[in-house]
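Heads up, the thing below is written out as structure tokens.
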Amino acid sequence: MKFSEIEAEQWDELKPYVDTCLLPITGLDGTETPSEATNYLEQLRDVMDLVEIPYRGRIVTYPAYHYVYGNEGSQQAIARCCANLKSQGYKYIILITSKSDIMFQINEADLWIAPTEDGNLPSDVEISRKIRELWHS
Amino acid sequence: MSNHEHQDSKHQPVQRKEMSRRQFLSYTLGGTTAFMVGGTVLPMVRFAVDPLLAKGGESTLVKVIEESKVTAEPQEVKFKVRQVDGWYKSETEKVAWISRDASGAIFALSPVCKHLGCTVFWNTHGRNEYDCPCHDARYSRDGKNITVANLPLDEYVVEIQDGFVYLGGIIANTRA
Ligand code: FES
């Protein structure tokens, strides 16, 4: 479910069941035209649907990290965000992107969902397999 | 007709305002458009924008499979339903698990877990039950809740016409 769907007073009750956080990384850098930016967001939404809909009872989606400039600075910022999310109690962090060039190593995250090297988005079956493996690991 | 046009134009500023809010949220959330159906304004707008679509809704029947292909073993069928959310029309994919009971009657279950809404799947653990991957809820063939969830899986309205199975809106489970 989205972070914004959860009312403050529901959270204590839900928290034990929602142990996984989905952090979308849009991967824009400011060179995109409006329509290119829209395309990236739509692609990201399509791949997010494959996680959010089937697993909505256990995964909470946080607001997206939109802009990424080179790997190093962004890597640190995202790693820090993941560490903070974990310290507030999430057991698993899933990073998701529709861009193939921003998948850098984040030790604090447990899974990246990203296009394959040839640019194809992963299938629903593949995503489900990875998420289930993560929960059983 | 002129009355209708008048109504539409009267509502346009509301639509624009809602749309920009929606876009803002959508961008903030990472491109998710199916988000936050507005509270008090949208139902009115929905009617003003396209009254015909508003009537379609859940009760539309969709052809999903030949009747002869449905067996006692549940099968997953996917089908598209047109949805209207304010001015935004979209096609949503729905999933049903369809099978015959002991008397041969066809029924279709919704795979949305009644615990917290994950998607259940038939027989992932070899127990001939529906299993939820999130917190291990289990449901019988009829959708009856066995563990974790407090309610049985919902059903779709089923109609058989000319050798095909049609599915309609969601109803509470009638079998469990
Ligand atoms: S959502 Fe299915 S068991 Fe919790």
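Taken together, the values in this text are just the output of simple stated rules run on the coordinates, not laboratory data. Worth saying up front: this structure is predicted, and the values here are computed from it rather than measured. Note that we place each Cβ from the backbone using ideal geometry, even for glycine, and neighbour counts take in every protein chain shown.
Can you list residues whose amide H is under 5 Å from residue B:171's amide H, if they're 5+ apart or on another chain and H is modeled 1.01 Å from N?
B:155, B:156, B:157
For residue A:15, list the aspartates and glutamates whose Cα falls under 14 Å from its own Cα; do not include residues on the same chain fewer than 8 positions away.
Answer for residue A:15, where 14 Å is the Cα cut-off: A:5, A:7, listed by chain and number.
Taking the Cβ of each residue in B:63, B:114 as the centre, tally the other Cβ atoms inside 10 Å and list the residues starting with the fewest.
Neighbour counts put them in this order, fewest first: B:63, B:114.
Using only the alpha carbons of segment B:117-176, determine the length spanned along each of the three principal axes and report them from longest to shortest in whole angstroms.
39, 22, 18
Tell me, what does the Kirkwood hydrodynamic radius of segment B:62-171 come to in angstroms if you use every pair of distinct C-alpha atoms?
Numbers: mean 1/r = 0.0689 Å⁻¹.
Over segment B:62-171, the inverse of the mean reciprocal pair distance is 14.5 Å.
Return the tail of the calculated pair distribution for chain A, meaning the percent of Cα-Cα pairs more than 24 Å apart. Please report the intermediate quantities before stating the final value.
Values: 2602 of 9316 pairs.
For chain A, the fraction of Cα-Cα distances above 24 Å is 28 percent.
If one takes the longest principal axis of the Cα atoms in chain A, at what angle in degrees, from 0 to 90 and to the nearest 10, does the Cα axis of helix A:71-87 lie?
Compared with the principal axis, the helix lies near 10 degrees.
Counting only the backbone N, which residues of segment B:89-130 are under 18 Å from the spot 7 Å out from the Cα of residue A:17 toward its beta-carbon?
Only B:110-121, B:130 fall inside the zone, counting backbone N under 18 Å.
Please go through the residue pairs B:69/B:94; A:91/B:80; A:86/B:94 and name each one whose alpha carbons sit more than 29 Å apart in this structure.
Values: B:69/B:94 19 Å; A:91/B:80 35 Å; A:86/B:94 34 Å.
Violating the 29 Å Cα-Cα cut-off are A:91/B:80; A:86/B:94.
Given the Cα-Cα distance of residue B:127 and residue B:140 and 0.36 nm per residue of separation, how much length would full extension add, in nm? Don't skip to the end; give the middle numbers.
On the way: separation 13, 0.36 × 13 = 4.68 nm, distance 0.94 nm.
Computed gain between residue B:127 and residue B:140 is 3.7 nm.
Based on other C-beta atoms within 10 Å, arrange A:29, B:162 from fewest to most. Numbers along the way, then the final one.
Values: A:29 14, B:162 7.
In order of increasing Cβ crowding within 10 Å: B:162, A:29.
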